[in-house]
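See structure below.
The values are calculated or read from the model by the stated rules, or taken from the named source; none is laboratory data. Note that the structure is predicted; figures quoted are calculated from it, not measured. Positions of Cβ are backbone-derived with ideal geometry, glycine not excepted, and every protein chain shown enters the neighbour counts.
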Amino acid sequence: MKRTILIAALGLGLALGGPARAVDNMETGGAVDLASVRGKIAARNYPAALQELRDLAEDNQDANVYNLLGFTLRKTGDVRTSLSYYTKALELDPKHKAAREYLGELFVETGDLAKAREQLAILAQLCPSGCEERADLEQAIAAKAN
(Lines give C-alpha, C1' and ligand atoms only; values in the text may rest on other atoms or scores of the structure.)
Protein backbone atom coordinates (compact mmCIF):
# COMPACT_ATOMS: atom_id res chain seq x y z
CA MET A 1 0.00 0.00 0.00
CA LYS A 2 2.80 2.46 0.93
CA ARG A 3 4.57 1.72 -2.34
CA THR A 4 1.39 2.45 -4.31
CA ILE A 5 0.97 5.77 -2.52
CA LEU A 6 4.61 6.69 -3.16
CA ILE A 7 4.34 5.82 -6.84
CA ALA A 8 1.14 7.88 -7.10
CA ALA A 9 2.82 10.81 -5.35
CA LEU A 10 5.78 10.63 -7.69
CA GLY A 11 3.51 10.47 -10.70
CA LEU A 12 1.56 13.46 -9.45
CA GLY A 13 4.75 15.48 -8.99
CA LEU A 14 5.88 14.65 -12.50
CA ALA A 15 2.46 15.22 -14.01
CA LEU A 16 2.30 18.66 -12.45
CA GLY A 17 5.58 19.49 -14.11
CA GLY A 18 7.36 20.09 -10.84
CA PRO A 19 10.87 18.81 -10.42
CA ALA A 20 10.95 15.66 -8.35
CA ARG A 21 14.68 15.27 -8.79
CA ALA A 22 15.37 14.30 -5.22
CA VAL A 23 13.15 11.28 -5.57
CA ASP A 24 13.51 10.25 -9.17
CA ASN A 25 17.23 9.75 -9.54
CA MET A 26 18.34 8.47 -6.18
CA GLU A 27 19.98 5.13 -5.86
CA THR A 28 17.92 3.07 -3.46
CA GLY A 29 20.50 0.57 -2.24
CA GLY A 30 21.09 2.38 1.06
CA ALA A 31 20.40 0.91 4.46
CA VAL A 32 17.90 3.63 5.34
CA ASP A 33 14.33 3.49 4.02
CA LEU A 34 13.71 6.91 2.49
CA ALA A 35 10.42 6.18 0.74
CA SER A 36 8.40 8.33 3.13
CA VAL A 37 10.84 11.23 2.85
CA ARG A 38 10.90 11.03 -0.93
CA GLY A 39 7.11 11.15 -0.99
CA LYS A 40 7.12 14.28 1.16
CA ILE A 41 9.73 15.91 -1.07
CA ALA A 42 7.77 14.99 -4.20
CA ALA A 43 4.75 16.67 -2.60
CA ARG A 44 6.97 19.66 -1.72
CA ASN A 45 6.19 19.19 1.95
CA TYR A 46 9.69 20.29 2.91
CA PRO A 47 9.03 20.94 6.62
CA ALA A 48 7.77 17.38 7.17
CA ALA A 49 10.60 15.93 5.08
CA LEU A 50 13.12 17.97 7.01
CA GLN A 51 11.84 16.74 10.36
CA GLU A 52 11.95 13.11 9.24
CA LEU A 53 15.42 13.52 7.75
CA ARG A 54 16.77 15.12 10.92
CA ASP A 55 15.43 12.20 12.93
CA LEU A 56 17.07 9.76 10.51
CA ALA A 57 20.37 11.64 10.63
CA GLU A 58 20.51 11.24 14.40
CA ASP A 59 20.79 7.47 14.02
CA ASN A 60 22.37 7.05 10.58
CA GLN A 61 25.58 8.10 8.89
CA ASP A 62 24.12 7.72 5.41
CA ALA A 63 25.07 9.77 2.35
CA ASN A 64 21.52 9.59 0.98
CA VAL A 65 20.09 11.05 4.20
CA TYR A 66 22.60 13.91 4.22
CA ASN A 67 22.09 14.56 0.51
CA LEU A 68 18.34 14.82 0.95
CA LEU A 69 18.85 17.07 3.98
CA GLY A 70 20.93 19.33 1.77
CA PHE A 71 18.33 19.27 -0.99
CA THR A 72 15.44 20.00 1.35
CA LEU A 73 17.26 22.84 3.10
CA ARG A 74 18.26 24.36 -0.24
CA LYS A 75 14.64 24.29 -1.35
CA THR A 76 13.65 26.13 1.83
CA GLY A 77 16.34 28.78 1.25
CA ASP A 78 18.87 27.69 3.88
CA VAL A 79 21.86 27.59 1.53
CA ARG A 80 24.56 27.66 4.21
CA THR A 81 23.26 24.62 6.09
CA SER A 82 22.45 22.89 2.82
CA LEU A 83 26.10 23.21 1.80
CA SER A 84 27.24 21.55 5.03
CA TYR A 85 24.97 18.56 4.45
CA TYR A 86 26.07 18.10 0.83
CA THR A 87 29.65 18.22 2.08
CA LYS A 88 28.88 15.56 4.70
CA ALA A 89 27.20 13.36 2.08
CA LEU A 90 30.27 13.62 -0.15
CA GLU A 91 32.61 12.87 2.76
CA LEU A 92 30.69 9.62 3.25
CA ASP A 93 30.47 8.85 -0.48
CA PRO A 94 32.62 10.97 -2.82
CA LYS A 95 30.98 9.27 -5.83
CA HIS A 96 27.42 10.19 -4.82
CA LYS A 97 26.10 11.53 -8.13
CA ALA A 98 22.96 13.17 -6.76
CA ALA A 99 24.95 15.05 -4.11
CA ARG A 100 27.36 16.23 -6.81
CA GLU A 101 24.45 17.43 -8.96
CA TYR A 102 22.67 19.20 -6.12
CA LEU A 103 25.85 20.81 -4.84
CA GLY A 104 26.47 22.04 -8.37
CA GLU A 105 22.92 23.41 -8.51
CA LEU A 106 23.50 25.21 -5.21
CA PHE A 107 26.56 26.86 -6.75
CA VAL A 108 24.53 27.80 -9.84
CA GLU A 109 21.84 29.34 -7.64
CA THR A 110 24.43 31.35 -5.70
CA GLY A 111 26.17 32.51 -8.88
CA ASP A 112 29.39 30.51 -8.47
CA LEU A 113 29.51 28.90 -11.92
CA ALA A 114 33.18 27.96 -11.56
CA LYS A 115 32.38 25.71 -8.59
CA ALA A 116 29.30 24.38 -10.38
CA ARG A 117 31.51 23.42 -13.32
CA GLU A 118 33.88 21.63 -10.91
CA GLN A 119 30.98 19.43 -9.82
CA LEU A 120 30.05 18.89 -13.46
CA ALA A 121 33.61 17.78 -14.24
CA ILE A 122 33.44 15.23 -11.43
CA LEU A 123 30.10 13.98 -12.75
CA ALA A 124 31.66 13.65 -16.20
CA GLN A 125 34.26 11.34 -14.63
CA LEU A 126 31.64 9.39 -12.66
CA CYS A 127 29.39 8.85 -15.67
CA PRO A 128 31.36 9.42 -18.88
CA SER A 129 28.53 7.99 -21.01
CA GLY A 130 26.14 10.45 -19.42
CA CYS A 131 23.63 10.21 -16.61
CA GLU A 132 20.60 12.14 -15.44
CA GLU A 133 22.55 14.00 -12.75
CA ARG A 134 25.13 15.19 -15.25
CA ALA A 135 22.50 16.25 -17.77
CA ASP A 136 20.50 18.13 -15.12
CA LEU A 137 23.55 20.05 -13.92
CA GLU A 138 24.64 20.83 -17.49
CA GLN A 139 21.17 22.24 -18.13
CA ALA A 140 21.21 24.34 -14.94
CA ILE A 141 24.64 25.77 -15.78
CA ALA A 142 23.63 26.53 -19.37
CA ALA A 143 20.45 28.28 -18.23
CA LYS A 144 22.35 30.47 -15.78
CA ALA A 145 25.17 31.23 -18.26
CA ASN A 146 22.70 32.55 -20.84
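The C-beta contact set for segment 79-98 (first residue closer than 19 Å to D136 by Cα and among the charged types (D, E, K, R), second residue surrounded by 18 or more Cβ atoms within 10 Å (Cβ to Cβ) and modelled with pLDDT of 95 or more, distance under 7 angstrom, 6+ apart or interchain) comprises K97/L123; K97/E133. From the list E132, E118, which residue is farther than 23 Å from L50 by Cβ, in contact (Cβ under 8 Å) with a residue 40 or more places away in the chain and surrounded by fewer than 17 Cβ atoms within 10 Å (Cβ to Cβ)? That would be E132, the only listed residue that is farther than 23 Å from L50 by Cβ, in contact (Cβ under 8 Å) with a residue 40 or more places away in the chain and surrounded by fewer than 17 Cβ atoms within 10 Å (Cβ to Cβ). Where helices (runs of 4 or more DSSP H) sit wholly within segment 14-105, those with at least 3 residues that are modelled with pLDDT of 95 or more occupy 35-42, 46-59, 63-75, 79-92. Set side by side, the residues L106, L69, L73, L83 differ, and just one is surrounded by fewer than 21 Cβ atoms within 10 Å (Cβ to Cβ), under 21 Å from I41 (Cα atoms) and under 13 Å from the mean Cα position of the chain (by Cα), which is L83. Would it be correct to say that T110 is polar (S, T, N, Q), farther than 18 Å from V37 by Cα and without any contact (Cβ under 8 Å) to a residue 60 or more places away in the chain? So T110 fits the description; yes.
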